[in-house]
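Asker: Quick one: the structure is below, questions incoming.
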Amino acid sequence: MIRPILISATIWLTATVHAADSSEKFGPPISMYGIGAKETCGSFVRSLNTPNYIRYFDYAAGFITAQNMRSDSGGDVLGGADLNDAMLMVEKYCRDNPMTGFINGLNHLVINSRTQ
């Protein structure tokens, strides 16, 4: 379980917190790997209460860890919130936007956590 988190963190250290999805252009496209690159918010919502959910949770943990490692993050993009609780914000976003990429739900979480 540590290995996927470290791999995700390494990948995101070099990338900005911007989605490559065409519906949310924040900057140049970035190379993405894992479920963030291909899964939709709808697939995340369907994974809730199934064994498959851990794939999304682990990816989110790696994504958040990588964001925390960015020099401009302050070290805690969730502001002390528990990741389980933060995933509820991702779930709400994904229920409202099922056709967007799962990565957009994570970006929404990070961006909105910084403004609160």
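Asker: Would you pull out the residues with amide H under 5 Å of T40's amide H, same chain only if 5 or more places away, H placed 1.01 Å from N?
Answerer: Distant-sequence amide H within range of T40: F102.
Asker: Residue by residue, what Karplus-based ³J(HN,Hα) values in Hz, rounded to whole numbers, does segment 78-90 have, using 6.51, -1.76 and 1.60 with θ = phi - 60° and x for Gly and Pro?
Answerer: For segment 78-90, the Karplus-derived couplings read 8, x, x, 5, 6, 4, 4, 5, 5, 5, 5, 5, 5 Hz, x marking Gly and Pro.
Asker: Also: Can you give me the Kirkwood hydrodynamic radius for segment 29-116, using every pair of distinct Cα atoms, in Å to one decimal?
Answerer: 13.0
Asker: What ranking of M69, M99, M32 emerges when the number of other C-beta atoms within 10 Å of each C-beta is taken as an exposure proxy, fewest first?
Answerer: Starting with the residue having the fewest Cβ neighbours, the order is M99, M69, M32.
No value in this document is a laboratory result; all are computed from the given coordinates. Not measured: the values here are computed from a predicted model. We place every Cβ from the backbone using ideal geometry, glycine too, and count neighbours over all the protein chains shown.
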